1. Give me the one-decimal nm value for the distance between modelled label points at Glu154 and Ser310, 7 Å along each residue's Cα-to-Cβ direction.
2. Place a label point 7 angstrom from the Cα of Lys145 along the Cα-to-Cβ direction, then list the residues of the range 56-88 whose backbone nitrogen is under 18 Å away.
3. Among the listed pairs Lys178/Lys273; Lys262/Lys287; Lys116/Lys232; Lys69/Lys167; Lys184/Lys245, which have their C-alpha atoms separated by more than 31 angstrom in this model?
4. Please compute the length gained on full extension between Gln225 and Gln163, using 0.36 nm multiplied by the number of residues separating them and subtracting their Cα-Cα distance.
5. Using all alpha carbons of the range 134-269, what is the percent of pairwise distances in each 5 Å bin, ordered from the shortest bin to the longest?
6. Which residues does a label at Asp121 reach in the range 133-147, if reach means a backbone N under 13 Å from a point 7 Å past the Cα toward the Cβ?
7. Fewest Cβ neighbours within 10 Å first, please rank Ile71, Ile185 accordingly.
8. At 7 Å along Cα-to-Cβ for each site, give me the label-to-label distance between Ser272 and Lys61 in nm.
Amino acid sequence: MFKKIASLVLTAALLVSTAAFTTSAAETNEDVAVAADQASEVGAENSTAVGSGKVLYFDVKSAGWNTAKSIFCHVWRADGTGDWPAWSTKAEKCTYDKESGIATYDIETAIKRGYKMDIDDTKSYCVIFAADTGAQTYNAIMSGKCFGDTLYCESSEQVENPQDSQKKCYIAVWKNNKDCGPQKIITSSGQIVGNALAEGTTDVTLVADYLISYYNDQAKLDSLQNIINTLKVSPSAVMEAAANKEAAAVKSGSKKQADVDKELKAITTAVSKCTDPTKGGEKVDQKDIEKAKDQGTQSGKNGQSAATISNTGGSTSSASSSGSSSGSSSSSTSSSGSNSVNSGQETTIFFVFGGLMVAAAGLMFLARKKREY
């Protein structure tokens, strides 16, 4: 009789434990399912906003390229680094639907086919769409949020080609990312085109780059005062940025010190002749220019970016917390899911342990009753 009762008690305990385990597991699965649904909803929202995958679109009809048979997409990192396909090669060819007038370029597919493209969603890029007719769009700034967006031409407006002043290109803008507009640069003829600064550039560094490129071309240097006035930048800040970039080039090994000394001598002479629009148009002080050159050289040797040099000279903090904020959000989401699963496991262990305690107590009670009997 005792054995039968004991068996019944143990069976009941096991049933209670099993039920608890099943209930807890169901709750855990439900938590996981809810988390998955939430993630799916977020993914769906993002997909709706920017499309799926690393795909770019161009409205060929908006540019009026009616005779074009093939469309190409040229992408490169705005800072000039990384590996990229050559201009208008097979690696850059788009899928072109002539009926809709939309050209599609899938970067992920290109990478899978073995083409080298250093894509990182957190970086800034430039993109150009070109036709087999020779027509092309002007450089458009692109970030990771532009994937899935469409470039189009608002008008037939054309501007000077950044690489060849004898050619023209069409201004194109993004439908959903207006802040990623035409790249702001100084062309070879001294014209300022575009309004969106690429990552790591400022109005000051644009002028510094112009000087470094054309330090020995007097015709180009004749445009310097007009460029400085238009952008309203300090000549001293420009001198500091140019010296910074030159020192960084020597440090990296891309230039020799003798060449840099020659370039800086010409740049110093050109900047010293300018007036300062940030100070009411007064002529620059030669001592300020020399001081700015020394400061820029030192900061370049120390690895400081020229982009941190303010329009009044000297560095300014440009750190952004957006990246760390995004990371924290991701970590928080992951932790939340983990806590849900851990909570379910703890509940299961509690019920199983409780069931075993009940069984043990029942056996002790029956054993005492048996002795008394």
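1. 3.2 nm
2. 56-57, 78
3. Table pairs above 31 Å Cα-Cα are Lys178/Lys273; Lys116/Lys232.
4. Values: separation 62, 0.36 × 62 = 22.32 nm, distance 2.17 nm.
Gain on extension, Gln225 to Gln163, equals 20.2 nm.
5. Taking every Cα pair in the range 134-269, the percentages come to 2, 10, 17, 18, 17, 15, 11, 7, 3, 0.
6. Zone members listed by number: 143-147.
7. Details: Ile71 25, Ile185 22.
Neighbour counts put them in this order, fewest first: Ile185, Ile71.
8. Inter-label distance under the simple model: 6.1 nm.
Only the coordinates and a few stated rules stand behind these numbers; no lab work does. Remember, predicted model here, so these are calculated numbers, not experimental data. Glycine also receives a Cβ, built like all others from the backbone with ideal geometry; neighbour counts cover every protein chain displayed.
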